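Everything on this sheet refers to the single structure shown next.
The values are calculated or read from the model by the stated rules, or taken from the named source; none is laboratory data. Being a predicted model, the structure only gives us computed values, none of them experimental. Because the Cβ atoms are built from the backbone with ideal geometry, glycine has one as well, and the counts that use them run over all protein chains shown.
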Amino acid sequence: MSDAQANIVSKLSLKAAGVQPKRGSIKEGEPQDLAVVIGACRKSDTVQTTFGDSDRFIGDFEMTNMATGEVFRSTKLFLPDIFGEAMVNQLNARDDGDDSAVEFAVIIGVKYQEKGGFGYEYTVRPLVATKQRDSLAHLREAALAALPAPEKKEEEKPTTGKGKK
């Protein structure tokens with residue numbers, strides 16, 4: 001999908017993509033897939049929101065509303081805790097100074113949940129294995145492949161000390 005076909009938003013969330021369910025709208029036995037979320041996350045921070053502290057992810061993200069097909073993109077993403085906590089753990093597991101992106105692709109859905117005030121809980125189904133990726137690796141490989149092969153030096157024949165004087 002080209003950027004011209006995506007809605008660019010300042011921060012991406014289920015609410016921004018129009019998929020956050022209304023309180024009590026999910027019926028028992030009728031789970032729903034809400035959105036496909038893909039991304040390359042480089043870091044996270046904690047921000048204060050009207051609902052308390054939230055993890056904000058920084059990187060490149062895309063969310064597709066599964067009901068309408070609308071696509072949204074942003075460099076900031078807010079995720080439900082069920083997946084957000086796993087992302088924070090993946091980012092924290094990197095070595096100090098490692099700025100590789102954590103890539104992921106998931107379907108976020110909901111299912112009925114009697115407990116809690118909303119009447120539902122979020123579900124997450126991975127579409128690919130979440131993994132770290134060196135964001136420069138593909139460029140490094142392409143650059144090295146574009147360089148000419150090193151010239152082979154002719155092997156020098158060893159001298160035996162028996163030469164003409």
If I go through the range 64-80 residue by residue, how many of them are in contact with an Asp or Glu (Cβ under 8 Å, 6 or more places away or on another chain) and either free of Cβ contacts under 8 Å to residues at least 24 places away in the same chain or under 18 Å from Lys11 (Cα atoms) (or both)?
7
Quick one: Arg140 ticks every box in (1) in a helix (DSSP H, G or I); (2) modelled with pLDDT under 85; (3) surrounded by 13 or more Cβ atoms within 10 Å (Cβ to Cβ); (4) of a type outside the set (Val, Ile, Thr) bar one, so which box is it?
(3)
Subset of the range 106-137 that is of a type in the set (Gly, Ala, Ser) and under 16 Å from the mean Cα position of the chain (by Cα) - its residue that is modelled with the highest pLDDT:
Ala129
Test Gly18 against the criterion of being surrounded by 17 or more Cβ atoms within 10 Å (Cβ to Cβ) and either in contact (Cβ under 8 Å) with a residue 12 or more places away in the chain or not in a helix (DSSP H, G or I) (or both), and give yes or no.
no
I'd like the residue in the range 55-76 that is polar (S, T, N, Q) and surrounded by 17 or more Cβ atoms within 10 Å (Cβ to Cβ) and, out of all such residues, is farthest from Asn92 (Cα to Cα).
Asn65
Selection over the range 91-102 where residues are surrounded by fewer than 13 Cβ atoms within 10 Å (Cβ to Cβ) and polar (S, T, N, Q) yields a count of 1
Please indicate, with yes or no, whether at least one residue in the range 82-94 is free of Cβ contacts under 8 Å to residues at least 24 places away in the same chain, over 14 Å from Val37 (Cβ atoms) and in a strand (DSSP E or B).
no
For Val36, indicate whether it is closer than 22 Å to Ala101 by Cα, among the hydrophobic types (A, V, I, L, M, F, W, C) and in contact (Cβ under 8 Å) with a residue 60 or more places away in the chain.
yes
Mind listing whichever residues of the range 29-44 are of a type outside the set (Gly, Ala, Ser) and surrounded by 11 or more Cβ atoms within 10 Å (Cβ to Cβ)?
Pro31, Gln32, Asp33, Leu34, Val36, Val37, Ile38, Cys41, Arg42, Lys43
Is it fair to say Ser100 is within 20 Å of Gln20 (Cβ to Cβ) and of a type in the set (S, T, N, Q)?
no
Which residue pairs have Cβ atoms under 9 Å apart, sit 6 or more places apart or on different chains, and have a first residue in the range 100-122 that is more than 17 Å from Asp81 (Cβ to Cβ) and a second that is acidic (Asp, Glu) and assigned to a strand (DSSP E or B)?
Ala101/Asp60; Tyr112/Glu121
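Residues of the range 103-119 being part of a strand (DSSP E or B), surrounded by 18 or more Cβ atoms within 10 Å (Cβ to Cβ) and in contact with a Gly (Cβ under 8 Å, 6 or more places away or on another chain), which ones?
Within the range 103-119, Glu103, Phe104 qualify.
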Answer from Glu103, Glu85, Glu70, Glu28 - the residue that is modelled with pLDDT of 95 or more, out of contact with any helix residue (DSSP H, G or I) (no Cβ under 8 Å at 6 or more places or on another chain) and among the charged types (D, E, K, R)
Glu70
